[in-house]
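The values are calculated or read from the model by the stated rules, or taken from the named source; none is laboratory data. As the structure is a computational prediction, the values presented were derived from the model and not from experiment. Please note: Cβ atoms are built from the backbone with ideal geometry, for glycine as well, and neighbour counts cover all protein chains shown.
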Amino acid sequence: MVIGIDGTRGINEKAGIGRYTKNLVAYMAQYPNVDVRFFFTFMRGAKSKLKEIKSITGTRPFTTKRVPGEFKNSLWGGPISWPDLFMPQVDLWHAPSIWEAPLATKKPLVLTIHDMTSFLFPQLRGKKVSGNQNRRTIKAIRRADHIIAVSKATKDDIVKYLPEAKNKITVVHLGLDPIFRTLNYIKRDKIILAVGTVEPRKNLKLLFDAFLRLPQELQDEYEIWVVGAKGWNDGAIFSHAKKMGKKVKFWGYVSDKKLVEIMNHAEIFAFPSLYEGFGLPLIEAMACGLPVITNNISSMPEVAHGAAMVMPPNVVPWAAGLKRLITDKASRNVLRVKGLGRAKEFSWKKTVKETAAVYNKVVPLAN
């Protein structure tokens, strides 16, 4: 059985699905029990892209094609399965997201669904973009022989909109890169850290408003750092941040190495997101020894699993939670220990092993 994985987003994107795809490729390339081949498309930066591809695929075979991203979306959704033409030796395709799913393939298809944001919050990206995403998601889910959901919360959201998919979904949690760890040579400072693309779904306004409810002496003592690239509809977020004066610092996108350093420099990790398919920064922060405060909705309680302070997504409880974490060192230490323990339960090796089990489940059924 030859497994084909489209690793394109692992070399073209840095966060979210890109991070998942890159680790899926890198760790599946090391997995001994699967004959895997990788497929990548890109248009520019061939030299640097090939270098990165070789670094994550190791000795495994891979194929590259020069296909523009938007054009690829149309081709992969059309009546011809181009991946089958490019790599006819593949017996089963794994699409790390809906856009890598060749809808016309006659071969078994495993599809990873990361979230159902465009169904639940269509206004965040606009009706047109969300509508396109929804239509493609529905087609991909219906075509897939099996679906990997990155959390039980995501599985439940899929079933809410497509109940016919219920019996072909397996939950496989994301993994944790071992680079995320405590660095004892870095001193903690009075910093509340938030990580994620700067977009409305990350709900940074809640964090800012909760901070402004803190006693003035605590506001004077602490500041907020935000790490993450600019997203869509971010104008209102930056405008709101201006009310904070110099109390908010936006770092933009940073490398994992730099992110680990920043996480070890901070004292508290805040994750006020409205919705997450999984919420990888939660366990990355825990692995770096940060006490975490997050919302009690979506996948956050599932991922935190008792190792974080989970609050209703409202400003009053969040202000109270922040105040407690700032003023109560014992509470911080309890969450720090719990978080370190919870983080140890995640690894990309485990993710890949469970993903390979899905392949083995699908092929006999397809045959």
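General observations
- Which numbered condition Tyr27 misses (of (1) under 17 Å from the mean Cα position of the chain (by Cα); (2) farther than 22 Å from Ala229 by Cβ; (3) free of Cβ contacts under 8 Å to residues at least 60 places away in the same chain): (3)
- One residue from Ala285, Ala307 being closer than 23 Å to Val248 by Cβ and of a type in the set (Gly, Ala, Ser): Ala285
- Every residue from segment 76-134 that is of a type in the set (S, T, N, Q) and more than 19 Å from the chain's Cα centre (by Cα): Ser81, Gln89, Thr105, Gln123, Asn132
- Test: Lys243 is assigned by TED's automatic domain parsing to the domain that holds Thr327, more than 17 Å from the chain's Cα centre (by Cα) and either polar (S, T, N, Q) or closer than 14 Å to Ile191 by Cα (or both): no
Okay, residues lined up against (1) in a helix (DSSP H, G or I); (2) surrounded by 15 or more Cβ atoms within 10 Å (Cβ to Cβ):
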site: Pro317; (1), (2): yes, yes
site: Gly321; (1), (2): yes, yes
site: Leu325; (1), (2): yes, yes
site: Val334; (1), (2): yes, no
site: Val337; (1), (2): yes, no
site: Leu340; (1), (2): yes, yes
site: Phe346; (1), (2): no, yes
site: Lys350; (1), (2): yes, yes
site: Val362; (1), (2): yes, yes
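- Of the residues making up segment 111-129, just one is in contact with a Phe, Trp or Tyr (Cβ under 9 Å, 6 or more places away or on another chain), in a helix (DSSP H, G or I) and surrounded by fewer than 16 Cβ atoms within 10 Å (Cβ to Cβ), namely Val129.
- Residues that are in contact with a strand residue (DSSP E or B) (Cβ under 6 Å, 6 or more places away or on another chain) and either farther than 23 Å from Lys106 by Cα or among the hydrophobic types (A, V, I, L, M, F, W, C) (or both) within segment 61-85 comprise Phe62, Val67, listed in sequence order.
- Residue match in segment 153-167 (condition: assigned to a loop (DSSP other than H, G, I, E, B), at positive phi and surrounded by 15 or more Cβ atoms within 10 Å (Cβ to Cβ)): no
- Inside segment 182-236, residues that are among the hydroxyl-bearing types (Ser, Thr, Tyr), more than 16 Å from the chain's Cα centre (by Cα) and over 14 Å from Phe269 (Cβ atoms) make up a count of 1.
- Subset of segment 26-42 that is in contact with a strand residue (DSSP E or B) (Cβ under 6 Å, 6 or more places away or on another chain) and not basic (Lys, Arg) - its residue that is surrounded by the fewest Cβ atoms within 10 Å (Cβ to Cβ): Asp35
Here is a yes/no grid of residues against (1) more than 21 Å from Lys139 (Cβ to Cβ); (2) in contact with an Asp or Glu (Cβ under 7 Å, 6 or more places away or on another chain); (3) part of a loop (DSSP other than H, G, I, E, B):
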{"site": "Asn33", "(1), (2), (3)": "yes, no, yes"}
{"site": "Gly78", "(1), (2), (3)": "no, no, yes"}
{"site": "Pro88", "(1), (2), (3)": "yes, no, yes"}
{"site": "Trp93", "(1), (2), (3)": "no, no, no"}
{"site": "Trp99", "(1), (2), (3)": "no, no, no"}
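- Hey, Thr154 modelled with pLDDT of 95 or more, closer than 20 Å to Ser298 by Cβ and not assigned by TED's automatic domain parsing to the domain that holds Met286 or not: yes
- So Thr355, is it outside any loop (DSSP other than H, G, I, E, B), assigned by TED's automatic domain parsing to the domain that holds Ile158 and either out of contact with any strand residue (DSSP E or B) (no Cβ under 8 Å at 6 or more places or on another chain) or free of Cβ contacts under 8 Å to residues at least 24 places away in the same chain (or both): no
- Test result for Ile113, in contact (Cβ under 8 Å) with a residue 40 or more places away in the chain, in contact with a Leu (Cβ under 8 Å, 6 or more places away or on another chain) and within 23 Å of Ser299 (Cα to Cα): no
- Among (1) of a type outside the set (A, V, I, L, M, F, W, C); (2) within 18 Å of Ile17 (Cβ to Cβ); (3) modelled with pLDDT under 95 - the single one Ser97 does not satisfy: (3)
- Screening segment 281-294 for residues that are assigned to a strand (DSSP E or B) and free of Cβ contacts under 8 Å to residues at least 40 places away in the same chain and picking the one that is surrounded by the fewest Cβ atoms within 10 Å (Cβ to Cβ) gives Ile293.
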